[in-house]
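These notes are about the structure you will find just below.
The values are calculated or read from the model by the stated rules, or taken from the named source; none is laboratory data. Just so it is clear, the structure is predicted and the values come from calculations on it, not from any experiment. Neighbour counts are summed over all protein chains in view; Cβ atoms, including those assigned to glycine, are modelled from backbone coordinates with ideal geometry. Note: accessible area is taken over every heavy atom of the protein model, side chains too, but ligands, DNA and RNA are not part of it. Shrake-Rupley method; radii C 1.70, N 1.55, O 1.52, S 1.80 Å.
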Amino acid sequence: MPTPVHDFTTDIPRWSPYITPVSLEEATPEQLDAMKITPSNKKVSAYVLTLAHDPESLKVRSPLFNAIMYGRDGLASAERELGAVGASIVNRCVYCAAVHSARFNQLTKTTEVIETIFDDGVDAKLEERHQAIFDFAVKLSRAPSEASKADIAALRSAGLSELEIVDLVLSVAIFGWANRLMHTLGEPVRD
């Protein structure tokens, strides 16, 4: 019997859906078309197969996710991942936190930042740029209406450009949505 995962880790658990995913063998032409562009561009996950129940939304969601998280310009990929980690910590999405913290570690070739975040949570103390990104991700995830000009000024002070700030907002915001989908449609488990 799989065991639900509740602690943050870079060891990526399996996501187990609560509803039956679409079967590739029985998928409609619309579902198959919507699954052509998956977030990782590698395989069709149980999550994507679950989202394929609504092919119209999935067909828009995957390219949007890819553009936000894998865009070439603006915020560095690792920093987008850090924004996703901040959102996922606040939203207690263990699966997303694992996936995106592991990706951050891979891109930065260090584990120190993520270890500090997992040890200290939202109170983690990081170097200035990472701190500004993480703090903003946490604040935006906790209460979007509380984000202010002062928060944007702090990001600018840490060296983020206007495009990088927009990219950060987008990466945090899409994880507000993604975390809620993950929680509602399934759970992270260890077999």
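Entry for the range 1-101 at q = 0.15, 0.19, 0.24 Å⁻¹: log10 I(q)/I(0) = -0.71, -1.05, -1.29, Debye formula applied to identical alpha-carbon scatterers, no solvent contribution. Considering only protein heavy atoms and a probe of 1.4 Å, how much of the accessible area of the chain is carbon and sulfur, as a whole percent? Its accessible area is 55 percent carbon and sulfur atoms. Per residue, the accessible area of the chain comes to 52 Å², computed with a 1.4 Å probe over protein heavy atoms only. Taking the inverse of the mean 1/r over every pair of distinct Cα atoms in the chain gives a Kirkwood hydrodynamic radius of 17.1 Å. Relative contact order (percent) for the chain, with alpha-carbon contacts under 8 angstrom and 6 or more residues of separation? About 34 percent, as a whole number.
Each Lys or Arg adds one and each Asp or Glu subtracts one; over the other residues with Cβ under 15 Å from the Cβ of ASP119, this totals -4. Site-free segments of the chain were taken between trypsin sites (Lys or Arg not before Pro) in DSSP loops having at most 13 other Cβ atoms within 10 Å, sites themselves excluded; the longest one is 126-191. Remark on GLU187: its backbone amide H falls under 5 Å from those of SER16, TYR18, a criterion applied only to residues 5 or more positions apart or on other chains, H modelled at 1.01 Å from N.
Only DSSP H runs of four or more residues enter the estimate; each adds -39500 (n - 2.57), and after division by the residues of the chain the mean residue ellipticity at 222 nm equals -19000 deg cm²/dmol. When the chain is treated as a Gaussian network with alpha carbon springs shorter than 10 Å, the biggest mean-square fluctuation among LEU163, LEU82, LEU49 belongs to LEU163.
Within straight-line reach of LYS109, meaning a Cα separation under 28 Å, sit the following lysines at least 8 residues removed in sequence or on another chain: LYS42, LYS43, LYS125, LYS139.
Residues whose amide H comes within less than 5 Å of that of THR9, counting only those at least five positions distant or on another chain, are ALA98 (H built at 1.01 Å from N in the peptide plane). Dividing the convex hull volume of the alpha-carbon atoms in the range 81-191 by its residue count gives 101 Å³ per residue.
Geometric descriptor of the range 57-98, per residue, is 77 Å³ (volume of the convex hull of the Cα atoms).
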